[in-house]
2 protein chains.
Amino acid sequence: MLLNNFQQDTGLGFLEQEPKTVDLPELEFLERGIWEALSDSEGPVREMCSHILNGRGKRIRPLLVLHSGLIFSGLTSELRNAAVAAELIHMASLVHDDVIDNSSIRRHKPSVNSLWDNTYAVLCGDYLFAKAFSLMSSNTLTGCMNYMVEAIGNMCRGEIEQANNRFNFDLGLDAYYDCIAKKTAIFLACCCKSGAHASGADELYLKLVGEYGLNLGFAFQIIDDILDFSGRVEVMGKTRYNDLRQGNITLPVILLLNHDRHGPRARDIIKRHTSVEQLVDHLVNLVHKSGVMDKAFDVARTYITKAKQCLSLLPGSRHTDFLRNLADKLLLRTS
Amino acid sequence: MLLNNFQQDTGLGFLEQEPKTVDLPELEFLERGIWEALSDSEGPVREMCSHILNGRGKRIRPLLVLHSGLIFSGLTSELRNAAVAAELIHMASLVHDDVIDNSSIRRHKPSVNSLWDNTYAVLCGDYLFAKAFSLMSSNTLTGCMNYMVEAIGNMCRGEIEQANNRFNFDLGLDAYYDCIAKKTAIFLACCCKSGAHASGADELYLKLVGEYGLNLGFAFQIIDDILDFSGRVEVMGKTRYNDLRQGNITLPVILLLNHDRHGPRARDIIKRHTSVEQLVDHLVNLVHKSGVMDKAFDVARTYITKAKQCLSLLPGSRHTDFLRNLADKLLLRTS
C-alpha cells in the first residue's frame, strides 16, 4: 500500500540548535506511527510509553529505516511499520539500559525506572519488544525481523561484554570496536538494511546501505563516548563522566593509555587510586590535557567519511542526500 | 521436513516423584533443540543459559506446542522450532521475573540475578527473547510468532497489573482471573495454538486446543498459588508465602476475605497489622483454618475438567492422551 499522508514538520531533535534547513515531513509521519502502535496500551504501560515518547528522542533509527527504503521505492505501510518497529526496539533497549545502569535521568527527564521502579521498567521494555515484533509479524515483515533480531542479539552481547569489562583498563582497541559494533553500529546497519529490504533493494545495495549504517554507527558511538567527557550537561540532559565512573573504558581512555607521553602517568593513576571519584578526576584531567579527545574525534570523522563513500555508490535522491546530511550533522551533535 | 530422530527418555521433571509410566521421547528431542538454539552463545551469556537449562524446568510450554501439533501431523522441524521458541520465551520471562521479584532461588538453584547480578539477568532475558524470534523468523513461522507475541504482551500486562495491585486487598475475583489469564493462561493457550497452527490444524481445532490451554493455564496458576501456601519447601525449592509477603493477592486470600465466618477476622488483621511478617503469619493461619485451600483446589479441578472437555472434541491419538494425562497430573503436582 502506497501512503501519501506526510505532514510538514520542523526538524530532528538533536538538530534543534541548528538552522532548520532540513525538510522532514517524514518525522511527523513516523511520530504518528509510533503513537498508533502503542495506542492499545493502557494503565501504567500507557503512562510509561507516553513518558518515553514525550522525551522526543532523535528518532535516528526509524529515520534510517525510512530513508534507506525511500531510496528504492515509495512510502509503503510495510516500510513505515519496519521503521516504527526499529524505534520501539530502541525504546525497549533504552528502558532496560536505564535499569542496568541504574540511571535516574534520560533525555532531561526522570527515567522510567526512577519514576516507576525496576519492575515496571523491565516489563515495559519487554512489552515494547513484543509490540515491535507484533507489528512486524502481523505485517509479515520477515526479512526486516531477521535484521531486528540480529540487532537485538548483538546489543545484548555488546552490553554483556561491556559489563564484563568494567574497570578493565587492559581493554584493547579491537575489543572496544568489537563492543561498540555490537552495542550500537550493527543496530544502525540493520535499520538501513531493514528499510532497503522492505523496499525491495537488491543485494549489492543492501550491502552498501548496511556498510553506511555500520560506519555511521561507529561514529555515533565514538561521539557519544566523547560527549561523556566534553558534553555540556545542560544540553545532554545528564551528568558527565558516567562511562568512566561505571568503569566503561571508551576510546578517549584507551587512546590516553596508549599515549606516548601521558600513558605511563595514566597507568600510574590507575594503579594507585584510592576511590573511583579520585580515579575519574585524575583521568579526566589527563584526557583533556593529552589531546586524545581530538584524536578520538578524528577517528569519528574517518568513519563518517567512509559512511558517505558508501552513499556515493547508491542511486542519487533526496533520501540519499538525507543520509549524507545526517552523517555530516552527526559530527556536530552536542547531545 | 519430517524428522524421525526421537530418542528414548524417562519423564517430565515435575513427575519425577511419580511412577515413570509416561513414555516421552519428545522431551529429550526438545532438550536437544533448546541446547542447539543456544549453541552459538559464548562467554557469560553461554554460562547463564547453561545455568538455566541445567535447572531442568518442567518444559510444559514446549511440550504443549509439540503435542498440540502432533495431533494434526507428524514431527516437522517447524513444529520443533515453534516448541523451542516457546521455551526460550518462558526462560526469558523467568529470568526477568527473578529480577523483578529480587528472587535469589529458582528451581532449587541460585537465580541468574543472584549469581550474575541484574545487569546480566536483564540482558540474558533480552537475549533469549531475541533468540526465540530469530528461530521463528528464520524459519518463517509467522503464525506461531503472532501467538508468541500475544503471549509476551499479555504476560507483561499481567505482571504490571499484579505489581500495580500489590497489597490491594480489595482485589476482586474478576480482577484476579483476568490477571492470571494474562500472566499464565494465555501463554499456555498460545503454545497449544502455535503447535496446532504449525501442523496446519483448521480454525475449529485451533480454537479447541486454545481453550484447552487456557483452562489448563488457569488451573496451573491456581495450583501455583495454592502451593505458595501449602507446598513442601524441599520439593518446591523455594520458601513459602512469597506471594503474600510481596503483596500479591491470590485465590486463597480472596476466598478467605469473602468467607462468611473468617472474612471479617481477616479484614481486621489487614486493618491492624504492624508489619508484613505479622500480617503474613496471621493470614496464613486463617487461610489454613478456614478451609479455603480446599475451595481453591476445587476451582482448579473445575478448570481441569473443562480443559479435558475441550480435548474430547479433538481427534483421538496418543498426543491427545498426553494432553489429557498432563491435565490430570497437574492436580498432583507438588512443585
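The values are calculated or read from the model by the stated rules, or taken from the named source; none is laboratory data. Bear in mind the structure is a predicted one, so any value in this text is a computation, not a measurement. Note that we place each Cβ from the backbone using ideal geometry, even for glycine, and neighbour counts take in every protein chain shown.
A few points about this structure:
- Some residue of the stretch B:226-236 being modelled with pLDDT of 95 or more, in a helix (DSSP H, G or I) and surrounded by 23 or more Cβ atoms within 10 Å (Cβ to Cβ): no
- Hey, B:Ile222 within 26 Å of B:Ile270 (Cβ to Cβ) and either of a type in the set (Gly, Ala, Ser) or assigned to a helix (DSSP H, G or I) (or both) or not: yes
- Only residues that are in contact (Cβ under 8 Å) with a residue 24 or more places away in the chain and buried (at least 24 other Cβ atoms within 10 Å of the Cβ) were counted across the stretch A:101-120, and they come to 2.
- In this entry, B:Asn81 is excluded by the filter for residues that are within 13 Å of chain A (Cβ to nearest Cβ), assigned to a helix (DSSP H, G or I), in contact with a helix residue (DSSP H, G or I) (Cβ under 6 Å, 6 or more places away or on another chain) and of a type outside the set (Asp, Glu).
- Criterion: farther than 30 Å from A:Arg318 by Cβ, more than 17 Å from the chain's Cα centre (by Cα) and either modelled with pLDDT of 90 or more or surrounded by fewer than 21 Cβ atoms within 10 Å (Cβ to Cβ) (or both) - qualifying residue of A:Leu123, A:Leu70, A:Leu135: A:Leu123
- Any hit, the stretch A:215-232, residues being within 12 Å of chain B (Cβ to nearest Cβ) and either over 17 Å from the mean Cα position of the chain (by Cα) or under 30 Å from A:Leu79 (Cα atoms) (or both): no
- If the condition is being farther than 24 Å from A:Asn146 by Cβ and within 14 Å of chain B (Cβ to nearest Cβ), then the stretch A:84-110 contributes A:Asp98, A:Val99, A:Ile100, A:Asp101, A:Asn102, A:Ser103.
Residue-wise test of (1) surrounded by 23 or more Cβ atoms within 10 Å (Cβ to Cβ); (2) basic (Lys, Arg); (3) touching a strand residue (DSSP E or B) at 6+ places or on another chain (Cβ under 8 Å).
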{"position": "A:Arg157", "(1), (2), (3)": "yes, yes, no"}
{"position": "A:Glu161", "(1), (2), (3)": "no, no, no"}
{"position": "A:Asn165", "(1), (2), (3)": "no, no, no"}
{"position": "A:Phe169", "(1), (2), (3)": "no, no, no"}
{"position": "A:Gly172", "(1), (2), (3)": "no, no, no"}
{"position": "A:Lys182", "(1), (2), (3)": "no, yes, no"}
{"position": "A:Ile186", "(1), (2), (3)": "yes, no, no"}
{"position": "A:Asp202", "(1), (2), (3)": "no, no, no"}
{"position": "A:Leu206", "(1), (2), (3)": "no, no, no"}
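- Every pair of residues 6+ apart whose Cβ atoms lie under 6 Å, when the first sits in the stretch B:46-66 and is at pLDDT 85 or above while the second is polar (S, T, N, Q): B:Cys49/B:Ser41; B:Val65/B:Ser194
- Flag for A:Leu279 being modelled with pLDDT of 95 or more and crowded, with 18+ Cβ neighbours inside 10 Å: no
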